[in-house]
1. Sum up the lysine pairs in the chain that clear both bars: alpha-carbon distance under 25 Å and a spacing of 8 or more or different chains.
2. Work out how far the C-alpha atoms of segment 251-296 reach from end to end along every principal axis, then list the three figures in whole Å, largest first.
3. Let me know the Kirkwood hydrodynamic radius for segment 109-157, please, with Cα pairs as the basis and the value in Å to one decimal.
4. Taking every DSSP beta bridge that has both residues in the chain, what percent is antiparallel when rounded to the nearest 5?
5. For Val39, enumerate residues with amide H under 5 Å from its amide H, sequence gap 5+ or separate chain, H modeled in the peptide plane.
6. With θ taken as phi - 60° and the coefficients 6.51, -1.76 and 1.60, list the Karplus ³J(HN,Hα) couplings across segment 250-259 in order, rounded to whole Hz; mark glycine and proline as x.
7. If I take the Cα coordinates of segment 261-446 and project them onto the principal axes, what are the three extents in Å, biggest first?
8. Between Ala203 and Glu341, what is the FRET efficiency for a Förster distance of 41 Å, r being their Cβ-Cβ separation, to the nearest 0.05?
Amino acid sequence: MNDFANDGLARNFLAGSWAEGDSGAVVSIEDPGLEEHLVDCAQAGEDSLSRAVDAARVSFDRGDLADMNPHARGQLMQRIALEIRAIADEGANLLCRESGKSLSAAHDEFEEAAQYFEYYGGMADKIEGKSIPLGPDYADYTEFEPFGVSAQIVPWNFPVSIAARSLAPSMAAGNSTIIKSPELDPVALAMLGLALERADVPAGSVSILNGIGADLGARLVASSEVDQIVFTGSVPTGQAILRAAADTVTPALMELGGKSAAVVFEDANLDTVISSLQNGIFYNAGQVCSAMARVLVHRSIYEDAVERAAALANGLSIGHGLDDPDHTPVVSALQLSRVEELASTARHDGVRVASGGARLDRRGYFMAPTILADVDPASRVAQEEIFGPVACFTPFDTEAEAVALANGTEFGLVAGIFTRDLARSHRVARKLRAGQVFVNEWFAGGISTPFGGVGKSGFGREKGLEALFNYVRTKNIAISLKG
Ligand code: NAD
């Protein structure tokens, strides 16, 4: 039984039941909008981890998901989607309070999570191989088979929807999955366990464990029983996980950070740019890997764009997530210090602060919605991921210069183009070093469009049909017919 709304303890969903922490270990989860304790979270240790790994292996070897009729596996996933919607109100309330995000953004996560199960559930019976002609003496075909045990490490900025983004294709392919929840906001993700339990997911085929990344997470990815790793998070953690994966030669999918740029040409519709900016850098207080972190604007409209962006930032409603304002706190005191430190470094370096620039003097971890102008493309604030509500504006004169600036970081997650010129949008999209390009609307696309990075933003793709093939491997079967 997991009744944390009433008893104040979020448990681990371990092999089909609810487990307290090893030796009763708990950590306190805080409401970042109030700077006060919200609930306790039970911490899994070595014992829980080995139970989850054993159960995942047994479930996989028994064929709980992999040998289930694929249509029935798809139906199971549709039931999960229904159960996610059934807990969405309670879950969104908890997610809002533990992460700081607005109530509607928290609802978006549960809705998106349900849609991932519907989308990939519909594919469970469509993972088709091919036949390869080898002449009259042979029959040859390929099959896609699941890896086995998939270990999935989830970040705090979208804990529910990112967990579903990886779990749904993993299940559709027939893998067993162990999810490590993020330290700062694990509670709503534990609720996903409730939906899995109510949908009758086979015990052991999915576990959700809470624990510290450098401890529980590191042990999980180093386990010799893990057949695939899916990591979403920061570059340094991704690098540490890749080193662990090298030791066991385990395939890994890496969804890492970003410092994405929008390129705004002189013929852009500025209304569209400003509404994209609101979503692009102020949604979830800018704690989005694919945030519109840099805005490169043609010099002829640059001052106008900066002025309108500052007016947008100054006009946002601010409050606790439960009041559903435009702008909410960041996730923790530490995150606020990191964001503020980068913004104040920029100020000392002479950047023009068109709006915000510092924390807000109020209860909760609020960074002011910030617009920095005339940002030097080589500076720290233009190169490092801030992961907060801070947009960096820089002017450009030519298309070639804009492309060079947009491509001028070590990241390459997404990019945007704002123009009315169709030919230019195609031409520039091809030149941008990014896994996906938005034209005239930041975040255009959805769960069916492939998402992932190049460079230090990672490799492999999530979302869309394409992602499914990250959760299977190809087996070729060649049969001699010669007698
Ligand atoms: P993080 O790297 O600090 O933590 C991510 C997860 O890794 C957490 O669950 C953490 O507990 C775990 N972890 C930490 N050390 C570990 C270790 N040694 N071994 C195994 N697991 C470990 O990142 P974060 O601060 O939670 O998230 C923010 C980062 O995630 C940003 O860089 C952001 O851009 C990135 N992100 C990327 C995507 C994407 O799809 N590309 C999506 C969301 C967030």
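Every number here is computed from the coordinates shown, using simple stated rules; none is lab data. A quick note: this is a predicted structure, and the numbers were derived from the prediction, not measured. Here the Cβ is made from the backbone with ideal geometry for all residues, glycine too, and neighbour counts use every protein chain on show.
1. Lysine pairs meeting the criterion: 16.
2. 45, 21, 12
3. So the Kirkwood estimate lands at 14.6 Å.
4. Among the beta bridges of the chain, antiparallel pairing accounts for roughly 40 percent.
5. Excluding prolines and chain starts, which carry no amide H, the hits are Ile29.
6. 10, x, 9, 10, 10, 10, 10, x, x, 8
7. Reported extents, whole Å, longest axis first: 49, 34, 29.
8. After rounding, the FRET efficiency stands at 0.35.
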